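Read the structure below first, then the notes.
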Amino acid sequence: MEKIKQKIEAAGWSLPPCMAPAYAYQSVAVHGEIAYVSGHVPKTESGDLHPGKVGRDITLDQARAAAELATLNALSSLGDALGGLDRVERVVKLVVFVASGEGFNEQPKVAEAASALLNVAFGVNPGHARSAVGVAELPRNSSVEVEMVAVVKT
């Protein structure tokens, strides 16, 4: 079994099955040693986890759970595109979009759940850069969307 997948599972998470994109784009585009991972939402086989706006429709803890699932979905796509997550040298950039209710300004606390997962999987040294962005709407009424950029081992 892959080392990265083992680390994720040892921490209590599991990678969901890779899902095909809903529209005309690639979930992961690889160019040279860089893998660009498209935005992933907290989608399950039965629907979306915790839809709505954070701070209005769902709680901070629910948004953090949604961020974890969106990150797991992104990692599943990345592993599928590369033939395994062990081909990832490191994640260099993480962007977490948070559908925010009026007055909600704790986007970094939502993004921290995604960062924590990546830090378990890939380590904190050298870690990743991150943006946490509050937005008015996300696709499918998702509360969170995660995208990332990774360096691929050659």
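Observations on the model:
- Neighbour-limited loop hits for GluC sites (Glu not before Pro), the stretch 114-152 (at most 14 other Cβ within 10 Å; DSSP other than H, G, I, E, B): Glu137
- If you take all other residues with their beta carbon under 15 Å from the beta carbon of Leu138, and give Lys and Arg +1 and Asp and Glu -1, the sum is -1.
- Spin-label zone in the stretch 117-154 - amide nitrogen under 19 Å from a point set 7 Å from the Cα of Val30 along the C-beta vector: 122, 148-154
- Cα-centred dipole magnitude for the chain, charges only on beta-carbon of K, R (+1) and D, E (-1), debye, nearest 20: 280
- Sequence of Val152, Val144 once ranked by neighbouring C-beta atoms within 10 Å, starting from the fewest: Val152, Val144
- Considering helices alone, the calculated mean residue ellipticity of the chain at 222 nm is -10000 deg cm²/dmol, with DSSP H runs of length four and up weighted by -39500 (n - 2.57) and normalised per residue.
- Residue order, fewest to most beta carbons within 10 Å, for Ile34, Ile4: Ile34, Ile4
- Exposed trypsin sites (Lys or Arg not before Pro) absent: longest stretch of the chain, with sites in DSSP loops and at most 15 other Cβ within 10 Å deemed exposed: 57-152
- With neighbours defined as other Cβ atoms within 10 Å of a residue's Cβ, the residues Ser38, Ser100, Ser143 order from fewest to most as Ser38, Ser100, Ser143.
- Fully extended contour minus Cα-Cα distance, from Ser131 to Glu2, at 0.36 nm per residue: 43.6 nm
- Positive end of the dipole of the chain (Cβ unit charges, origin at the Cα centre): among Pro108, Asn73, Val149, the Cα lying farthest that way belongs to Val149.
Since every read-out is calculated from the coordinates, none of them should be taken as a lab result. Because the structure is predicted, anything quoted here is derived from the model rather than measured. Cβ sites come from the backbone with ideal geometry, for glycine too, and all protein chains shown count toward neighbours.
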